[in-house]
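Worksheet: one structure, shown below.
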Amino acid sequence: MGHTTSSAEPAESSGPPRPLKRVYRTKFALLAVVSTFVGVALIVLAHWAAVQANGVWLRSWPVNDIGLGLFTTGLFGVLFQYVGQRDAEEEHLRRLRLVIADDLAGRPDGLVALVSSETRDRIVETACASSLATRTWHTTSTATCGSSSSARRSAATT
């Protein structure tokens, strides 16, 4: 008997991160950094105890081992946080590009409201040149689109 999730439940990774999830990520990063610094401090303290005569009472405790463990744990935590954040940002950018491309493909009039006519002309020229991948089309379309865009600009200014 396996556990199945209903389709009504939202996916964990969909949508923007919730504020509580952000707090947990921030707490994790803070804990990792604090663990790293406490580990370094314990390693320095263990070294001091081994060198100084005043640190005899501290030599019997496993301060260096605890410091190394905290330092290593903190470094791995920072590393995992960095890699996870970078992957999440890449996924977010991929989704954003997909949404923009789908929106512009489904509603090209949305592009009219977003950019100027010169930018739209450059977008069309670049899209035509990259889809046909020929230099002759690019120069021909540039001359054609350039003349039509300059005609539109002159008509718009009059």
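Of note:
- Filtered by the rule that a residue be without any contact (Cβ under 8 Å) to a residue 24 or more places away in the chain and within 30 Å of Val33 (Cα to Cα), segment 89-109 gives Glu89, Glu90, His92, Leu93, Arg94.
- In segment 30-53, the residues that are over 13 Å from Asp65 (Cα atoms) form Cβ pairs under 8 Å with partners that are basic (Lys, Arg) and surrounded by fewer than 16 Cβ atoms within 10 Å (Cβ to Cβ), at six or more places apart or across chains, as follows: Ala49/Arg59; Ala50/Arg59.
- Unmet criterion (only one of (1) in a helix (DSSP H, G or I); (2) surrounded by 12 or more Cβ atoms within 10 Å (Cβ to Cβ)) for Trp61: (1)
- Flag for Tyr24 being under 15 Å from the mean Cα position of the chain (by Cα) and without any contact (Cβ under 8 Å) to a residue 24 or more places away in the chain: no
- In segment 13-56, the qualifying residues are those that are of a type in the set (Phe, Trp, Tyr) and touching a helix residue (DSSP H, G or I) at 6+ places or on another chain (Cβ under 8 Å), and the one that is nearest to Leu96 (Cα to Cα) is Phe28.
- Qualifying residue in segment 27-40 (condition: at pLDDT below 85 and exposed (fewer than 11 other Cβ atoms within 10 Å of the Cβ)): no
- Residues that are of a type in the set (D, E, K, R) and modelled with pLDDT under 80, drawn from segment 93-144: Asp102, Asp103, Arg107, Asp109, Arg120, Arg135
The values are calculated or read from the model by the stated rules, or taken from the named source; none is laboratory data. Here the structure is a predicted model, which is why all the values come from computation and not from measurement. Here the Cβ is made from the backbone with ideal geometry for all residues, glycine too, and neighbour counts use every protein chain on show.
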